[in-house]
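Enquirer: Quick one: this structure, given as structure tokens, is what I'll be asking you about.
Nothing in this text is a laboratory measurement; each read-out follows from the coordinates by a stated rule. Because the structure is a prediction, the values reported are computed rather than measured. Methodologically, a virtual Cβ is constructed for each residue, glycine included, from the backbone with ideal geometry; neighbour enumeration extends over all protein chains shown.
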Amino acid sequence: MEFEDIYRKYFRDVYRFSLSLTQDRALAEEVTQDTFFKAMKGLARFDWSKDIRAWLFTIARNSYYSHCRAQKRAISAEDLPQELPSGVRMEERLEDQESAFAIHQFLHTMAEPYKEVFTLRVLGELPFEKIGRLFDKSANWARVTFYRAKVQIIEHMEAMEHERDKL
């Protein structure tokens, strides 16, 4: 596959992924440009038996982290609650634009790897097996991490609704 074909086919996915990480259009464009520049330089070494989109997402993630280090922003990780509140469907929340915006805002504040696993699964539409491989972990690890991220988002949204109901 020619680099130009790769660029055309995956640009939008990489940009959306970058935007979900950065929550800033200009920075997402910069990360996306950097991603394709690095991909072009490293294409000869790419193992074509692997998923190229996952490879591009990895480059984008690393480019963003490099930017964060340069800006001296800390990306921390912490444990999240493990039980899922009943009766809440994530799909219904994403349909509502206001809720979707609130979810994106909260997603930007989430700790790694929860934020990235959730983003890869929902926005990147990657299967758990590929997400696990990106982190050198199992598919089950990716499922659990996604589940925990989802729990944190649901609890945040429920707290917001509770606050709204008080008013």
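Enquirer: Count neighbours as other Cβ atoms within 10 Å of each site's Cβ, and list the chymotrypsin sites (Phe, Trp or Tyr not before Pro) in the stretch 20-58 that are DSSP loop with at most 11 such neighbours.
Expert: Passing sites in the stretch 20-58 are Trp48.
Enquirer: Moving to a separate point now. Just to be sure I understand the model, the point goes 7 Å from the Cα along the line to the Cβ. What's the resulting Ala44 to Glu30 distance in nm?
Expert: Placing both labels 7 Å beyond Cα along the Cβ direction yields 3.0 nm.
Enquirer: Could you check the simple spin-label distance between Asp136 and Thr58, using points 7 Å along Cα→Cβ, in nm with one decimal?
Expert: Using points 7 Å along Cα→Cβ, the separation is 1.0 nm.
Enquirer: Right, here's the next one. Between rounded, prolate and oblate, where does the stretch 90-166 land on the alpha carbon gyration tensor, with a ≥ b ≥ c its root eigenvalues, rounded for a/c under 1.5, else prolate if a/b exceeds b/c? Intermediate results must be reported in sequence, preceding the final value.
Expert: Working: a/c = 2.60, a/b = 2.14, b/c = 1.22.
It is prolate, given that a/c is not under 1.5 and a/b is the larger ratio.
Enquirer: Based on the Kirkwood radius over alpha-carbon pairs, what is the Stokes-Einstein translational diffusion coefficient of the stretch 3-70 at 25 °C with 0.890 mPa s viscosity, in µm²/s? Write out the running numbers ahead of the final one.
Expert: Details: Rh = 11.9 Å.
It diffuses with D of about 207 µm²/s by this estimate.
Enquirer: Now a separate question. Among the GluC sites (Glu not before Pro) within the stretch 1-70, which fall in a DSSP loop and have no more than 15 other Cβ atoms within 10 Å of their own Cβ?
Expert: Glu2
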